[in-house]
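Notes follow once the structure below has been shown.
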Amino acid sequence: MLNAGWLRTFAALCQTGHFTKTAQRLGMTQPGVSQHLRKLEAQVGQPLIVQQGKGFSLTQAGEAVLQLALSRQEEERRLMQALQSDDPDQGEVRIACSGSFALPLAPALFPLMQQAPGLTVRLEAAPQASVLQGLQDGRVDLGILDHDPAHPRLQARHLGQEQLCLVVPAAWSGTPGFDDLQRAGFIAHPDGFGYADDLFALNFPDDFTGSAGLHLRGFLNQIGQIPSPVARGVGYTLLPRSGFQTHPDRDGLRIADLPHKRHHQLWLVSRRDRPMTARLRKVAGLVSDVAAQLAAPEQDGAG
């Protein structure tokens with residue numbers, strides 16, 4: 001990669017057409033300007049100018065290098081202008097979260113995107129480990145995790161909590177026992193076995209021996225599809241509250257009222273080394289609003 005400082009000196013030399021004037025403009029000595037030119041020519045491997053008395057003309061290589069130098073200066077100017085303006089309705093925001101949280105977040109983002117045509121929002125539904133890795137790698141601006149990662153390069157803010165729900169067909173009455181659930185069968189999904197270990201160990205300590213012992217009735221990996229068989233009377237499933245609230249067949253579902261509640265925490269995580277621009281602050285506020293709605297009193301379909 002060509003040295004940026006030498007390129008700036010060369011561009012100024014071409015603009016002034018004079019070594020002494022270039023040195024004055026850049027606050028350098030005339031030998032310093034000549035030294036930058038020689039180093040740049042050595043890096044390119046070709047002469048960039050041809051001396052003509054007190055002046056000079058550019059070689060073909062010099063013309064190409066000048067165009068590159070001017071192009072870089074324009075890119076730097078646009079970058080500084082964008083950073084200084086910090087428009088909340090311009091630029092890109094990359095978000096990663098669980099599939100269940102993405103369900104209520106996505107429709108909340110649509111009005112914002114309609115109001116701001118210059119704003120690009122990328123929403124990725126991913127497992128917790130992938131969200132954390134994306135934050136660490138810098139591929140994600142805002143991540144929603146179920147814990148504070150306590151990582152030196154990351155900063156986290158607690159948003160609230162979301163209920164982990166046993167979702168059963170609406171036609172079921174009362175609170176099912178573990179034997180009832182085993183007869184019906186589990187509509188599983190990638191996170192479901194971990195949810196079972198969390199919720200069933202708390203509510204069925206005498207009967208539940210681990211998620212590996214559950215009667216499996218089906219397996220789906222699309223969060224929006226998981227409650228569908230349950231809404232038609234097939235089995236039960238385990239989901240965060242958001243996965244229940246956003247399902248189109250919610251009238252066919254019910255949250256079983258277990259004696260012991262289990263909640264997952266919601267944390268908004270971002271990089272410490274990246275400033276919270278106006279657009280990030282705007283989207284982060286919307287994420288907080290969605291999280292607050294999920295933490296509202298849990299009465300939808302419960303019983």
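The values are calculated or read from the model by the stated rules, or taken from the named source; none is laboratory data. Source: prediction; values computed, not measured. For neighbour counting, all protein chains shown are included, and Cβ atoms are generated from backbone atoms with ideal geometry for every residue, glycine included.
List pairs: first residue in the range 57-75 and over 15 Å from residue 6 (Cβ atoms), second residue assigned to a helix (DSSP H, G or I) and modelled with pLDDT under 90 anywhere in the structure, Cβ distance under 8 angstrom, at least six positions apart or on different chains.
none
So which of 158, 147 is modelled with pLDDT of 95 or more and either under 17 Å from residue 291 (Cβ atoms) or assigned to a helix (DSSP H, G or I) (or both)? Break it down into steps so the answer makes sense when it comes.
Details: 147 fails: modelled with pLDDT of 95 or more.
The conditions single out 158.
Before we move on, is residue 302 in contact with a Gly (Cβ under 6 Å, 6 or more places away or on another chain), within 30 Å of residue 181 (Cα to Cα) and modelled with pLDDT under 95? I'd like the intermediate steps shown before the answer.
Details: in contact with a Gly (Cβ under 6 Å, 6 or more places away or on another chain): no; within 30 Å of residue 181 (Cα to Cα): yes; modelled with pLDDT under 95: yes.
Answer is no for this residue.
For the range 273-288, name all the residues that are surrounded by fewer than 14 Cβ atoms within 10 Å (Cβ to Cβ) and over 14 Å from the mean Cα position of the chain (by Cα).
Once the filter is applied, which keeps residues that are surrounded by fewer than 14 Cβ atoms within 10 Å (Cβ to Cβ) and over 14 Å from the mean Cα position of the chain (by Cα), the range 273-288 yields 273, 275, 285.
Out of contact with any strand residue (DSSP E or B) (no Cβ under 8 Å at 6 or more places or on another chain) and either of a type in the set (Gly, Ala, Ser) or touching a residue at least 12 places away in the same chain (Cβ under 8 Å) (or both): does that describe residue 260?
yes
What strands (runs of 3 or more DSSP E) completely inside the range 184-303 contain at least 1 residues that are basic (Lys, Arg)?
Working: elements: 186-188, 216-219, 237-240, 253-255, 263-271.
By residue number, 216-219, 253-255, 263-271.
Just wondering, is there one or more residues in the range 144-162 that are touching a residue at least 24 places away in the same chain (Cβ under 8 Å), within 9 Å of the chain's Cα centre (by Cα) and buried (at least 19 other Cβ atoms within 10 Å of the Cβ)?
If we filter the range 144-162 for residues that are touching a residue at least 24 places away in the same chain (Cβ under 8 Å), which is where we start, we get 144-149, 152-162.
Then keep just the ones that are within 9 Å of the chain's Cα centre (by Cα); that gives 144.
Checking the rest, the ones that are also buried (at least 19 other Cβ atoms within 10 Å of the Cβ) come to 144.
Yes, the conditions are met somewhere in the range 144-162.
Given the conditions (1) closer than 30 Å to residue 209 by Cα; (2) assigned to a loop (DSSP other than H, G, I, E, B), which single one is not true for residue 165?
(2)
Which of (1) part of a helix (DSSP H, G or I); (2) modelled with pLDDT of 90 or more does residue 123 not meet, given it meets every other one?
Of (1) part of a helix (DSSP H, G or I); (2) modelled with pLDDT of 90 or more, only one is false for residue 123: (1).
Within the range 223-232, track down each residue that is of a type outside the set (D, E, K, R) and in contact with a helix residue (DSSP H, G or I) (Cβ under 8 Å, 6 or more places away or on another chain).
Of everything in the range 223-232, those that are of a type outside the set (D, E, K, R) and in contact with a helix residue (DSSP H, G or I) (Cβ under 8 Å, 6 or more places away or on another chain) turn out to be 223, 224, 226, 227, 230, 231.
To keep it simple, each residue is scored yes or no on (1) assigned by TED's automatic domain parsing to the domain that holds residue 39; (2) among the basic types (Lys, Arg); (3) within 18 Å of residue 281 (Cα to Cα); (4) part of a loop (DSSP other than H, G, I, E, B).
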site	(1), (2), (3), (4)
67	yes, no, no, no
70	yes, no, no, no
103	no, no, no, no
117	no, no, yes, yes
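Return the only residue of 220, 239, 216 being within 14 Å of residue 165 (Cα to Cα) and either more than 20 Å from the chain's Cα centre (by Cα) or assigned by TED's automatic domain parsing to the domain that holds residue 134 (or both). Show your work before the answer.
Values: 220 fails: within 14 Å of residue 165 (Cα to Cα); 216 fails: within 14 Å of residue 165 (Cα to Cα).
Every option except 239 fails the conditions.
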